[in-house]
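Contents: one structure, followed by commentary.
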Amino acid sequence: MVELTEILQLSPSVALRPEPFGALAYHFGNRRLTFLKRPELVQVVSSLNGTDPLKDVLQKCQIPEPKWDVFTKAIASLMKADMIHSLSPGKTSQKEPHND
Amino acid sequence: MTETLTTVRPTGGTLIEQFEFGLDAPICLTWELTYACNLSCNHCLSSSGRRDPNELTTKQCEDIIDELQRMQVFYVNIGGGEPTIRPDFWHLLDYAIAHEVGIKFSTNGSRITPEKARLLAATDYVDVQVSLDGATAQVNDPLRGEGSFDMALKALTNLAEAGFKDAKISVVVTRDNVHQLDAFKTLADQFGATLRLTRLRPSGRGADIWDQLHPTAEQQRELYDWLLLNGEGVLTGDSFFHLAAYGEAMPGLNLCGAGRVVCLIDPIGDVYACPFAIHDRFKAGNVLDGNGFQEVWQESELFLELRSPQTGGACSSCSAYDSCRGGCMAAKFFTGLPLDGPDPECVKGHSEDALLDPNRVIPLASQDHSRASARKNSGPIPITISRQVPARFCDEDPLTESAALNSVTT
């Protein structure tokens, strides 16, 4: 699970491709394709800059607080897939082995 | 981004519903590099054999790769014919990888020497699929040609010895090999490879033998049960979504992706709706015309038509329609069935009468690259079609769906 205080960053191995429904994220290392089904989620993921805590990013993207839970769950799934890394001390993402 | 769509895309909904309206770029693109092939498989989807004199040049292929990189098509499935026959194959492989376009290529194995296997093992971002249609030479060779079983096993051995990880063994499921599913799995395990099963399509030379070779109704059920038990570790390229009408969803999208999430570029640059539909009816344009592939993908009349809401036609009243979506467009077309009716292998048996109709007309082929000896039926039969070797669709693993994102392993 991800904490709202964590500082996150999109993996440098991941490219986002905009699509009408949101975006498609591709991880060049483990070759996973992930579909981000909501434009708001794409906005949040694109705004993870490696300096601001997640809470600030959600606020900046004007995500209403009752929805934060849904977004943190989605972010946590993306972290599990090595798409997003945590830069917070002690929270370094566990990278999955590359499936080459 | 979506202005060109003729119908308004819904917001929200499932990912599948979104996919039906198409994407800005394909998820899964098949590119047949050549129609030349050293084999003459009886079921070749592209009726390959002879090289087309208008085959794209190396420079034209590089331009396509540049465009795919701009469109963020992250990988392509390369096939043929036998793609490694092109003298510039290894150059194009390097070129694509250097431009962030990953390659999965299909081969009969004939040119995967120990040296090439080592080269592949040392290359990141490349995947190899070796075609094999029998777990024994007795079953494989009558379909793919004398010696082709040994050729494929030699390639798999070379890859394994070179340390190439996780090659794919690509099998077209037929009436003759469906009893070997366990044997194929064992074979794949022996080579540290992944088994990939795809559906026999009545496309290309496959039209000539489909009646005799497609799995029987009982065998389809056997295949379905086997996939439910073993599907986790087996790729299917979304091939068998027509079997979802038995009750359980099959691995993959369970959607006809033609012109929506997949398409095919052929050796001369023609763009078709899917790897199983090389026919003028499904030709959307050519990458050399106008503004190239992007324009064809995003604006061709055919693709816009395929992305507009489809009706279930004769299938709409069937309880299974939501599962199978009427099955495979190409399979219907090449067996002369209506596109808005049931799949020729409809598991509910709804196409049986239509298949027995003496007035059923099999469409004439638009092209044929077979060598003269390769056609079984050369008489005045209204058949002859076209298209590819083991064409993978989106040769990918299950797509799981959660509230906000979906994921599929490629």
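A residue that is over 21 Å from the mean Cα position of the chain (by Cα), of a type in the set (D, E, K, R) and more than 30 Å from residue B:58 (Cβ to Cβ) cannot be found anywhere in segment B:307-319. Check segment B:247-259 and report whether any residue there is open to solvent by less than 10 Å² (accessible area, probe 1.4 Å) and not hydrophobic (A, V, I, L, M, F, W, C). Yes, segment B:247-259 contains a residue that is open to solvent by less than 10 Å² (accessible area, probe 1.4 Å) and not hydrophobic (A, V, I, L, M, F, W, C). Just name the residue that is farthest from residue B:125 (Cα to Cα) out of those in segment A:16-27 that are open to solvent by 20 Å² or more (accessible area, probe 1.4 Å) and more than 12 Å from the chain's Cα centre (by Cα). Among those residues, the one meeting the criterion is A:20.
On inspection, residue B:390 does not qualify as at pLDDT below 95, part of a loop (DSSP other than H, G, I, E, B), surrounded by fewer than 23 Cβ atoms within 10 Å (Cβ to Cβ) and away from every other protein chain (no Cβ under 14 Å). Once segment B:71-119 is narrowed to residues that are within 14 Å of another protein chain (Cβ to nearest Cβ) and either in contact with a helix residue (DSSP H, G or I) (Cβ under 7 Å, 6 or more places away or on another chain) or hydroxyl-bearing (Ser, Thr, Tyr) (or both), the residue that is nearest to residue B:30 (Cα to Cα) is B:76.
Please work out if residue B:260 is over 22 Å from residue B:365 (Cα atoms) and of a type in the set (D, E, K, R). For residue B:260, the condition - over 22 Å from residue B:365 (Cα atoms) and of a type in the set (D, E, K, R) - is met. Examine segment B:152-159 for a residue that is within 14 Å of another protein chain (Cβ to nearest Cβ), at pLDDT 95 or above and crowded, with 23+ Cβ neighbours inside 10 Å, and state whether such a residue exists. Yes: segment B:152-159 contains one or more residues that are within 14 Å of another protein chain (Cβ to nearest Cβ), at pLDDT 95 or above and crowded, with 23+ Cβ neighbours inside 10 Å. Scanning segment B:260-311 for residues that are open to solvent by less than 10 Å² (accessible area, probe 1.4 Å) and aliphatic (A, V, I, L, M) returns B:261, B:262, B:264, B:265, B:271, B:273, B:277, B:278.
Quick one: what pairs do we get from segment B:51-75, first residue more than 25 Å from residue A:13 (Cβ to Cβ), second basic (Lys, Arg), C-beta under 6 Å, 6+ apart or different chains? That search, which allows pairs on different chains as well, returns nothing.
The residues in segment A:43-65 that are within 14 Å of chain B (Cβ to nearest Cβ) and more than 14 Å from the chain's Cα centre (by Cα) can be counted, and the count is 1.
Annotation: of all residues in segment A:12-26 being facing chain B (nearest Cβ under 9 Å) and not hydrophobic (A, V, I, L, M, F, W, C), the one that is nearest to residue A:79 (Cα to Cα) is A:26.
Within segment B:6-61, restricting attention to residues that are under 26 Å from residue B:95 (Cα atoms) and within 14 Å of chain A (Cβ to nearest Cβ), which residue is modelled with the lowest pLDDT? Among those that are under 26 Å from residue B:95 (Cα atoms) and within 14 Å of chain A (Cβ to nearest Cβ), it is B:28. Selection of segment A:74-89 for residues being out of contact with any Ser or Thr (no Cβ under 8 Å at 6 or more places or on another chain) and within 11 Å of chain B (Cβ to nearest Cβ) yields A:75, A:76, A:80.
How many of the residues in segment B:203-245 are surrounded by 24 or more Cβ atoms within 10 Å (Cβ to Cβ) and touching a Pro at 6+ places or on another chain (Cβ under 7 Å)? Final tally of qualifying residues: 1.
Before we move on, is residue B:123 more than 19 Å from residue B:188 (Cβ to Cβ) and within 14 Å of another protein chain (Cβ to nearest Cβ)? When the stated conditions are applied, residue B:123 passes them. Screening residue B:167 with (1) among the hydrophobic types (A, V, I, L, M, F, W, C); (2) surrounded by 22 or more Cβ atoms within 10 Å (Cβ to Cβ); (3) away from every other protein chain (no Cβ under 14 Å) gives one miss only, at (3). Might you check whether a residue that is of a type in the set (S, T, N, Q) and over 17 Å from residue B:169 (Cα atoms) occurs anywhere in segment B:74-83? No, every residue in segment B:74-83 fails to be of a type in the set (S, T, N, Q) and over 17 Å from residue B:169 (Cα atoms). Taken together, the criteria exclude residue B:345 from residues that are at pLDDT 95 or above and open to solvent by 10 Å² or more (accessible area, probe 1.4 Å). Looking only at segment B:173-186, residues that are open to solvent by 10 Å² or more (accessible area, probe 1.4 Å) and either within 14 Å of chain A (Cβ to nearest Cβ) or within 14 Å of residue B:136 (Cα to Cα) (or both) come to 7 in all. Considering only residues that are of a type in the set (A, V, I, L, M) and within 19 Å of residue A:60 (Cα to Cα), which ones fall in segment A:1-35? Selection gives A:2, A:4, A:7, A:8, A:10.
The values are calculated or read from the model by the stated rules, or taken from the named source; none is laboratory data. All values reported here derive from a predicted model rather than from experimental measurement. Every residue, glycine as well, gets a Cβ built from its backbone with ideal geometry; the counts of neighbours run over all protein chains shown. Protein only, heavy atoms only, side chains kept; ligands, DNA and RNA dropped before computing areas. Shrake-Rupley method; radii C 1.70, N 1.55, O 1.52, S 1.80 Å.
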